[in-house]
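None of the figures in this text is laboratory data; all of them are computed from the coordinates on show. Treat the numbers as computed from the prediction; the structure is a model and nothing was measured. Glycine gets a Cβ as well: all are built from the backbone with ideal geometry, and neighbour counts include every protein chain shown.
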Amino acid sequence: MGIYSFRGGVHPKGYKELTADKPLVEYLPKGELVFPLSQHLGKPAIPVVKRNDLVKVGQLIAKADGFISANIHSSVSGKVKIIEHRPNNAGIMGESIVIINDGEYTPFEGVGEKTDYERLTPREIIDKVKEAGIVGLGGAGFPTYVKLMPQKPEDIRWIVANGAECEPGITCDDRLMQENPEQIVEGLKIVLRIFPTAKAVIAIETNKPKAIESMRRAVGNDPRFEILELKVKYPQGGERNLVHAVSGQYMESGALPASLGVIVDNVATLAAIYKAVALNTPLYERGLTVTGDGASNPGNYIVKFGTLASEFVNDDEGLKPGTKKIILGGPMMGVAIPNTDVPLEKRNNALTCFLEDDVEKAQQKLTNCIRCGKCIRVCPLGLYPQMMAEAAEKKDYERFIKVHGLDCIQCGTCNYACPAKRPLTQLFKQMKPAAMMYQRAKAAKEGKK
Amino acid sequence: MSGSALLIITIILLAVVAFLVGIMLVFTGNKFKVEVDPKETAVRECLPGNNCGACGYPGCDGLAAAIAKGDAPVNKCPVGGAAVAEKISAIMGVEAGSIDKKVAFVKCSGTCEKAYDNANYIGINSCGAAAAIPGKGTKMCQTGCLGLGECVSVCEFDAIHIVDGIAKVDRTKCVGCGKCASVCPQHLIEIIPDKQIYAVACASQEKGKATKAQCAAGCIGCKACTLVCDNNSIKVEDNIAHINYATCVQCGKCASKCPAKVIITRREAETA
């Protein structure tokens, strides 16, 4: 396979050099830990511990509620301080379990026990993934076990390990591929046990030669594996782009990758699958990149869920002076956080700190849309951001849905390319849930008729 | 043919065509005439013509048709109020019935001074956009008025304005159409009876301590109001007081007892 690219996209500066050489370091939390019950897409989990209960590392503290939901496990050993409303990192107050760390990290019974996954049936593997509370670690937080149960498992032809990491500044997946490639390969082998006829494809952007090299070595000459090199372009790691890369077909509007026989999982998710199935360790920690000119200690960390963001961005004297903006996630897709006392959870892959606020600067340069069509040219999905923005500004849901606004992945590419500095993605972010609600209400109304 | 003869022929020809078309129009006009209820036209003339949609019908024409058919009550137009209802009832020959004027009320009193700030908001200047991102605007309080004026932009009666960081309703201009209430992403605007003097200007469901840390003018759920109320018209649910407007006798005891001063009178709601 040659170097794959896709239609559209932009070339933001990588900014990866700040942390690319920093190995993943395990970070031990200093303060109390906060576990929001909603760390994933879907329904919040239900707590199974009470106040003053003693918990251990890897112990289940909240169980999934419904099909699209995920279990939550404690990342430390200690005592449950309280279950109360705390702000999660989306700024929303939500029920959270607060745990006081005893600093001993006593593992829960059975955690870390080796299991021979070759003897497990596909059903048992899926159950283990579900039990471990694994969700997509790329950012969306979709429960992984649901992805592993497509309607027609025999039609799945490719399992894609997404190591593109196209977002500027983030290097934690890169480091994971360099340091623990065997975890990813083993994870893929476990998934291949569910889909015996499928092929595993590891997709990496060419700006990570070391990761490509290390994955090549880990794969060896297993014929079921293939390394797919991707052109350096944003948003190369978008699910739809990867599906096109392996299947050669474009996904239809509203379709799932499984419809073209593809399952895409982030490399970190696959490593988590390996840990859950082979080492009996639930998902309670993940890689996190702390970067940006405002970061006091830039680097890659293995963060235990529930650790407050302030522990990473503050040094002994608090925030680095002059820090204007802290973004949870990368600069393209991340969201700014109002304060740093928010817990880090399953979906967070980076903390980006800026000394300058580019949004403020962009807003000063904001001018009217001149319909130059740049946004249309760069949109990786081939949408018409300009028309979507027009509909969004008028709150015209009907029109927004008609111009396929609901297919928008909010990657921020149109924003990046817009010469008039229009806040396109922000508009879509606001419009998408509202339009979905409108659509549901309309469907319900028509159903009644 | 000379020029003048051509001119005369043209004029005659055009006159004949115009005459024939005229006859045809009269004929088709009579044949396909649509009967319009004279009442509907009369009712339509009484209505204010804002086409605001507050009645729930598609504009004033829609309401006029519904009233003329008898599908809608004569006092359905909230904008026109009693005066319009009276005129329409005269046309329809029915009793106007009493109508309670309703007005919008903003359940927040966290002005720039009283509500503590948490972060800078830089982004699209609309409440919807601010509410969609973490932190919800500048204020620490997550339930309060964002003060970016989505309600102001939809009001057709110039009855709501952002004063000192929160939305304020001008009760004399407000007609209670509810447009502001429908766009408020925080669901802070309530349509209450105009005769109601006292209302709770807070919507925070946080516990007392948390509310106090966020805003100097927040309901702390202390239940002092419920203790002084003579007829159980005020209740505290989810750490926030609610007044039952149907049974409230406007005695004002709750307002005088409220330690956080969040139960305010209509005058206070207009000019803080």
Antiparallel %, DSSP beta bridges [both residues in the stretch A:192-326], to 5: 55
Can you sort A:Phe6, A:Phe312 from fewest to most other Cβ atoms within 10 Å of each residue's own Cβ? A:Phe6, A:Phe312
The relative contact order of the stretch A:117-278, taking Cα pairs under 8 Å that sit 6 or more residues apart, comes to a percentage of 34
Taking the Cα centre of each part, how many Å lie between the stretch A:180-230 and the stretch A:419-441? 36
Mind checking the log10 I(q)/I(0) for the stretch A:172-289 at q = 0.14, 0.23 Å⁻¹? Debye, one equal scatterer per Cα, no solvent, two decimals. -0.60, -1.50
Run through every distinct alpha carbon pair of the stretch A:58-209 and return the Kirkwood hydrodynamic radius in angstroms, one decimal place. 18.0
For residues of A:425-435, the mean tally of beta carbons on other chains within 10 Å: 3
So how far, in whole Å, is the C-alpha centre of the stretch B:100-147 from the one of the stretch A:1-44? 31
Please state the relative contact order of chain A as a whole percent: Cα pairs under 8 Å, 6+ residues apart? 19
Can you put A:Leu228, A:Leu283 in order of Cβ neighbours within 10 angstrom, beginning with the fewest? A:Leu228, A:Leu283
Report relative contact order for the stretch B:154-221 in percent, whole number only (criteria: Cα-Cα under 8 Å, sequence separation at least 6). 19
Helical segments meeting 15 Å axial Cα length and Kyte-Doolittle 1.0 threshold in chain B (DSSP H): B:3-31, B:81-92
Of B:Leu148, A:Leu60, how do they rank once you tally other Cβ atoms within 10 Å and put the fewest first? A:Leu60, B:Leu148
Radius of gyration and Dmax for the protein assembly as shown's Cα atoms, expressed in Å? 31.5, 116
From the P(r) of the stretch A:128-187, can you give the percent of Cα pairs sitting at distances over 14 Å? 67
Looking at B:Ala90, B:Ile160, A:Ser38, which one has the Cα that reaches farthest to the positive end of the dipole of the protein assembly as shown (charges on Cβ: Lys, Arg +1; Asp, Glu -1)? B:Ala90
Please give me the summed charge of the neighbours of A:Val262: other residues whose Cβ is under 12 Å from its Cβ, Lys and Arg +1, Asp and Glu -1. +1
Could you pull out the pairs from A:Lys128/A:Lys304; A:Lys304/A:Lys325; B:Lys114/B:Lys173; A:Lys30/A:Lys50; B:Lys136/B:Lys253; A:Lys50/A:Lys304 whose alpha carbons sit more than 25 Å apart here? B:Lys114/B:Lys173; B:Lys136/B:Lys253
Is the shape of the stretch B:102-270 best called rounded, prolate or oblate, per the rule: a/c under 1.5 gives rounded, else a/b larger than b/c gives prolate, else oblate, with a ≥ b ≥ c the square roots of the Cα gyration tensor eigenvalues? oblate
Where a ≥ b ≥ c are the square roots of the eigenvalues of the C-alpha gyration tensor, would you call the stretch B:38-92 rounded, which needs a/c under 1.5, or, failing that, prolate if a/b is larger than b/c, or oblate? rounded
Which percent, nearest 5, of DSSP beta bridges in the protein assembly as shown are antiparallel? 70
Cα gyration tensor of the stretch A:1-109, axes a ≥ b ≥ c as square roots of the eigenvalues: rounded (a/c below 1.5), prolate (a/b > b/c) or oblate? prolate
How crowded by other chains is B:124-137, given as the mean number of beta carbons from other chains within 10 Å of each beta carbon? 6
Mean residue ellipticity (222 nm) of chain A, computed from DSSP H runs ≥ 4 via -39,500 (n - 2.57), nearest 500: -8000 deg cm²/dmol
Antiparallel DSSP beta bridges within the stretch A:117-278, percent to nearest 5: 5
From the P(r) of the stretch A:365-448, can you give the percent of Cα pairs sitting at distances over 16 Å? 48
